Amino acid sequence: MAKCLVFVIGLLGLCWQVGCGQHKYDNYTLLRIIPNHDQHLQKLSELPLDGEISHGEVEILKRSYGVNDSTDVLVSPNSKKLFEQFAVKNGMPVVTKHYYGRSFEALERVSRRRLREAFRVYGYNSFDAIKSYLDDLKFRKADLVRLQPLGYSYQRRPMSLVKISKDPSAGNPIIFIDAGIHAREWVAPSMAMYIIHRLVTDSGARELDGLDWYILPVVNPDGYEYTRSSRSQRLWRKTRSKTARDCYGVDGNRNYGFKWGVSGVSNNPCDRETYAGPKPFSEPETQMVRNVMMADRDRIKLYVSLHAYGQYLVYPWGYTGGSLPTSWRKLDSLARKVSNAVQNAGGQPFKVLSAGQWYPAAGGSDDFAFGAAGIPYSYTMELTDGYEFVYPENNLATILPQLYEGFRTFAEEIKKEFGFASRSSLRSITK
Ligand code: 0X9
Ligand code: ZN
């Protein structure tokens, strides 16, 4: 009886704090600020404004990379006015867009209904559906597909690396793609799965000649499933490890052990966005990606981490905007070729620049791949623009094939530079 009373009082306390039946983002507004001057960019780079806007009330969903490229912020009812004043005071146009409308509720109903549905290539699938599809693929396409168990996520979900190769013993250059380190960026795992689908179904495709592909479609399955569990958690970003009393999750893309913590991170375990973790590689999920990179660091020539949103294709360094790698021209030129290929297929071009010039943030997987594992081409690809994180599922059938053309270009170019033909022509030159 006493226990029961304690429970009820606890529940009432919780209701008082967050409001029963209410969701974290109820009445939040998405504000879109458009800088049209260098000074505006400077002002925006100072966000969030400490002291003015308390933590948890404002989430920066996307930053500007230059003038006329929007900064998107999700603001609570309390901080909306402050933010609008900030924009107006600094002379920046600000557009208001309500984020949690009825369409979002409908989306939740769909995903709930589909919780147990089978895998769909042009869809947002559950982690279980993805896993079953891959387990099955391993048998259906045994000549091409192998699954390498990597370990378990924090909540004990089994993770496997999908290895696709016509000849695993040939020692081909490897393209390594991962997706879904950020839970809410649903389009990324769908892109990764589409790449797998194309690689195994396109008969006569050249992408598998002289190249091996490693794909990890959901790096953060705990977070991913959490965003699928309810409308109120749709915008969760981090992992789900317990980091403090009542606080969960680490930003996996701040957790890699290269220049860890030097810029663009939060040290507060309760920060919903960019907490870097208690130490580098504190998360089993980032450890697994690191292990894949390090085990084949000599053969992996291209690493692409799939994210959303904004249609950016960025390369190291991410931890600083103050310097570029000596090979930045090569990184830049390959990215532009990829962007052109996507555009020629009817897709949107990418904004190409270094990640740190966009906004500095340390501990990303791209910097680790490039700076620590020595992978010569490393990118973060931010998929889609115009719908923030809730990209309409109906559009996937249009955009995934367009984006795939970018991956074909990646493959062609990596083969040209590192493939068997290039190696033998090199040998004949050096002979
Ligand atoms: O901030 C991030 O982790 C990435 N953007 S996202 O909106 N998907 O969260 C960009 C990462 C770019 N790379 C580095 N800063 N190292
Ligand atoms: Zn991301």
For the range 157-251, alpha-carbon Rg over 2.2 N^0.38 Å
1.32
For Ser70, Ser203, give the ranking by accessible area with the largest first, probe 1.4 Å.
Ser203, Ser70
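By accessible area of protein heavy atoms, probe 1.4 Å, what ranking do Lys238, Lys301, Lys138 get, highest first?
Details: Lys238 0, Lys301 45, Lys138 70 Å².
Putting Lys238, Lys301, Lys138 in descending order of accessible area: Lys138, Lys301, Lys238.
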Name the residue, out of Arg157, Arg297, Arg254, whose mean-square fluctuation peaks in a Gaussian network model built on the chain with Cα pairs under 10 Å.
Arg157
Note the full-extension length gain between Gln402 and Glu84 as 0.36 nm times their separation in residues minus their Cα-Cα distance, in nm to one decimal.
110.8 nm
Placing unit charges on C-beta atoms (Lys and Arg positive, Asp and Glu negative, everything else neutral), compute the dipole magnitude of the range 136-243 about its Cα centre in debye, rounded to 20.
680
In the range 273-316, if the dipole is taken from +1 on Lys/Arg beta carbons and -1 on Asp/Glu beta carbons about the Cα centre, which of Thr286, Ala308, Ala276 is farthest to the positive end?
Thr286
Answer with one residue from Ser327, Ser378, Tyr359: the one whose Cα lies farthest towards the positive end of the charge dipole of the range 298-431, charges on Cβ with Lys, Arg +1 and Asp, Glu -1.
Ser327
Per the helix-only calculation at 222 nm, which mean residue ellipticity applies to the chain, given -39500 (n - 2.57) for every DSSP H run of n ≥ 4 and division by its residues, nearest 500 deg cm²/dmol?
-11500 deg cm²/dmol
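Please work out how much length the chain gains when fully extended from Gln148 to Ser203, using 0.36 nm per residue of separation minus the C-alpha to C-alpha distance, in nm with one decimal.
Details: separation 55, 0.36 × 55 = 19.80 nm, distance 2.39 nm.
Net length gain for the segment: 17.4 nm.
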Which residue, Ser169, Leu235, Asn125, has the largest displacement toward the positive end of the dipole of the chain when charges sit on each Cβ (Lys, Arg +1; Asp, Glu -1)?
Ser169
Taking 4 °C and 1.567 mPa s as the conditions, I'd like the Stokes-Einstein D for the range 188-309 in µm²/s, using the Kirkwood hydrodynamic radius from alpha carbon pairs.
80
For the chain, size of Cβ-based charge dipole, Lys and Arg +1, Asp and Glu -1, in debye:
680
Binning at 5 Å from 0, report for the range 268-418 what percent of all alpha-carbon pair distances ends up in each bin.
2, 9, 17, 21, 20, 17, 10, 4, 1, 0
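What stretch of the chain, leaving out the sites themselves, is the longest with no GluC sites (Glu not before Pro) in a DSSP loop having at most 14 other Cβ atoms within 10 Å?
Within the chain, the longest run free of exposed GluC sites (Glu not before Pro) spans 118-431.
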Let me check something: with ligands and nucleic acids excluded, how do Asp202, Asp69 order by accessible area (1.4 Å probe), largest to smallest?
Asp202, Asp69
Leaving out ligands and nucleic acids, note down the accessible area per residue over the chain with a 1.4 angstrom probe, in whole Å².
44
Over the chain, the quotient of the Cα radius of gyration and 2.2 N^0.38 Å is 1.00
Karplus ³J(HN,Hα) for the range 265-279 (6.51 cos²θ - 1.76 cosθ + 1.60, θ = phi - 60°; Hz, whole; x = Gly/Pro) runs 10, 10, 9, 9, x, 8, 5, 6, 10, 10, 4, 7, x, x, 7
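The values are calculated or read from the model by the stated rules, or taken from the named source; none is laboratory data. None of these values were measured; they are calculated from a predicted model. Here the Cβ is made from the backbone with ideal geometry for all residues, glycine too, and neighbour counts use every protein chain on show. Side chains are part of the model used for accessible areas, which takes the heavy atoms of the whole protein and leaves out ligands, DNA and RNA. Shrake-Rupley method; radii C 1.70, N 1.55, O 1.52, S 1.80 Å.
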